[in-house]
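Below is one structure; the comments refer to it alone.
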Amino acid sequence: MTINGEEKTLAGNLPLSELLQQEGFHIERVAVERNGEIVPKEAYGSVFLSEADKLEVVSFVGGG
């Protein structure tokens, strides 16, 4: 699988939410595109990933 252009090995059949946590992302502060389509936040726990998936994860950073 690819995350932000970097090849990763998927350890089993993981939901998106678990993968994001393992990769150190804060779920409440990211937007995810999977294979060219935006994944709604409420679906992160029910979307299961495969080795063929390509993810783009964008983190939102607050500032002033």
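The values are calculated or read from the model by the stated rules, or taken from the named source; none is laboratory data. It should be emphasised that the depicted structure is a prediction, and the values quoted were computed from it without experimental measurement. Neighbour counts are summed over all protein chains in view; Cβ atoms, including those assigned to glycine, are modelled from backbone coordinates with ideal geometry. Each accessible area value is taken on the protein alone, full model and side chains, heavy atoms only, with ligands, DNA and RNA left out. Shrake-Rupley method; radii C 1.70, N 1.55, O 1.52, S 1.80 Å.
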Unit charges on C-beta of K, R, D, E only; dipole of the chain, Debye
120
How much length is gained on full extension from residue 51 to residue 11, taking 0.36 nm per residue of separation minus their Cα-Cα distance?
13.5 nm
At 222 nm, what helix-only mean residue ellipticity would the chain give, in deg cm²/dmol to the nearest 500, using -39500 (n - 2.57) for each DSSP H run of four or more?
-2500 deg cm²/dmol
In whole percent, the fraction of accessible protein surface over the range 2-59 that belongs to carbon or sulfur atoms, probe radius 1.4 Å, stands at 49
Average accessible surface area per residue within the chain, 1.4 Å rolling probe, Å²:
65
Mean Cα-pair separation over length for the chain, i.e. relative contact order, pairs under 8 Å, 6 or more apart, %
47
How charged is the neighbourhood of residue 57? Take every other residue with its Cβ under 14 Å from the Cβ of residue 57, and add Lys/Arg as +1 and Asp/Glu as -1.
-3
When a/c is below 1.5 the answer is rounded, else prolate if a/b is larger than b/c, else oblate, so apply that to the range 2-59 with a ≥ b ≥ c taken from the square roots of the Cα gyration tensor eigenvalues.
rounded
